[in-house]
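The values are calculated or read from the model by the stated rules, or taken from the named source; none is laboratory data. Because the structure is a prediction, the values reported are computed rather than measured. We place every Cβ from the backbone using ideal geometry, glycine too, and count neighbours over all the protein chains shown.
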Amino acid sequence: MKIYRTDQHPLPLPEGHRFPVEKYRLLYEAVRRFAAPYIVDAAAATDHELLLAHEPAYLARLASGALSRIEERALGLPWSTELIVRSRYSVGATLAACRTALHEGCGISLAGGTHHAYADRGSGFCVFNDSAVALRVLQHAGEIQHALIIDLDVHQGNGTAAMLADSPALFTFSMHGRNNFPLQKEASDWDIELADGCGDDEYLDTLAGSLPQLFTLAQPELVIYLAGADSYQGDRLGKLSLSRAGLEARDALVLDQCRRFGIPVAITMGGGYATPITDTVAIQAATVHAAYLRYAS
């Protein structure tokens, strides 16, 4: 198992910006306490890798800082050279986690889960779609044919659904809040929408009843698990009501099913916007710890 970090590539944001960039440094520090020997630096995704999923014109606009005002508003982050660099490393971390999973059973990115980005535009704090890029790269290299994305961020993986809609071998599953962002949903291969206030019991029963069928339908050689922390009851953007114990049970369900079916799993962090941010960090560190207990040698 390897754990890939990207927090050493800073992202300067205006004071008061609602994107919690500090969580990445705090998460690295939390994970280092129990898994320091497994943490490595990620490499940045190359143009060649990004262009297997993203449009050339979009990459050109990002490189030159030529995003329109509408594009930057949809992205939710101000353009900067640092933003593009950091986003490349985030994709690289997911790709490396996938390759580690294929060879060692599990790989983890301490970032990633940027599932709102489309082939030709960014959205919802997501510049590049790390899952779509990683799976396209692995397919192109002949390292996999079939894969399954289990997206348990509270927001639908709309960009991923759209980008992989023409790839039946890459199965997209999203279980998310019905009334949350994005208001205009895309069609994943399988979507489950949850009502506001959904708590532990309903959430876990729904997930447990879906996972075996998912593996049967997708027949994956690799799973990418977006372990969003934003279904937490204390998340300011979440609208669901999972406890920290419920989120730990969620992680256990996913990881144990991957082990039961013998499928390698790459884990990305997805969203998390709790106040205080240390709650998000504790939830995501617990996700990494759950994988550490199962896969660290």
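Taken together, 217, 207 contain a single residue that is farther than 25 Å from residue 91 by Cβ, buried (at least 19 other Cβ atoms within 10 Å of the Cβ), free of Cβ contacts under 8 Å to residues at least 60 places away in the same chain and over 17 Å from the mean Cα position of the chain (by Cα), which is 207. Of everything in region 144-157, what is buried (at least 24 other Cβ atoms within 10 Å of the Cβ) and either of a type outside the set (Asp, Glu) or not in a loop (DSSP other than H, G, I, E, B) (or both)? Give them in sequence order. Correct list: 147, 148, 149, 150, 151, 152, 154, 155, 156, 157.
Taken as a whole, region 274-285 holds no residue that is touching a residue at least 40 places away in the same chain (Cβ under 8 Å), surrounded by fewer than 22 Cβ atoms within 10 Å (Cβ to Cβ), under 30 Å from residue 33 (Cα atoms) and touching a Cys at 6+ places or on another chain (Cβ under 7 Å). Only residues that are under 30 Å from residue 283 (Cα atoms), in contact (Cβ under 8 Å) with a residue 24 or more places away in the chain and over 20 Å from the mean Cα position of the chain (by Cα) were counted across region 39-81, and they come to 2.
Being over 14 Å from residue 225 (Cα atoms) and in a loop (DSSP other than H, G, I, E, B) narrows it down to one residue among 116, 103; which is it?
116
Looking at 160, 114, which one is under 23 Å from residue 30 (Cβ atoms), at pLDDT 95 or above and touching a helix residue (DSSP H, G or I) at 6+ places or on another chain (Cβ under 8 Å)? None of the others qualify; the one that does is 114. Among the residues making up region 161-187, those that are more than 18 Å from residue 119 (Cβ to Cβ) and buried (at least 18 other Cβ atoms within 10 Å of the Cβ) are 171, 173, 175, 176, 177, 180, 181. Could you go through region 124-131 and let me know if any residue there is surrounded by fewer than 23 Cβ atoms within 10 Å (Cβ to Cβ), assigned to a strand (DSSP E or B) and in contact with a Leu (Cβ under 8 Å, 6 or more places away or on another chain). Among the residues of region 124-131, not one is surrounded by fewer than 23 Cβ atoms within 10 Å (Cβ to Cβ), assigned to a strand (DSSP E or B) and in contact with a Leu (Cβ under 8 Å, 6 or more places away or on another chain), which makes the answer no.
Within region 90-125, track down each residue that is of a type in the set (A, V, I, L, M) and farther than 16 Å from residue 138 by Cα. 108, 110, 111, 117, 119, listed by residue number. Among residues that are at pLDDT 95 or above, under 24 Å from residue 147 (Cβ atoms) and acidic (Asp, Glu), residue 193 is included. Residue check: residue 171 meets all listed conditions (1) within 26 Å of residue 39 (Cβ to Cβ); (2) part of a strand (DSSP E or B); (3) out of contact with any Lys or Arg (no Cβ under 6 Å at 6 or more places or on another chain) but one, namely (1). Of all the criteria given as (1) in contact (Cβ under 8 Å) with a residue 12 or more places away in the chain; (2) surrounded by fewer than 16 Cβ atoms within 10 Å (Cβ to Cβ); (3) under 25 Å from residue 89 (Cα atoms), the one not satisfied by residue 141 is (1). Scanning region 283-297 for residues that are among the polar types (S, T, N, Q) and in a loop (DSSP other than H, G, I, E, B) returns a single hit, 297.
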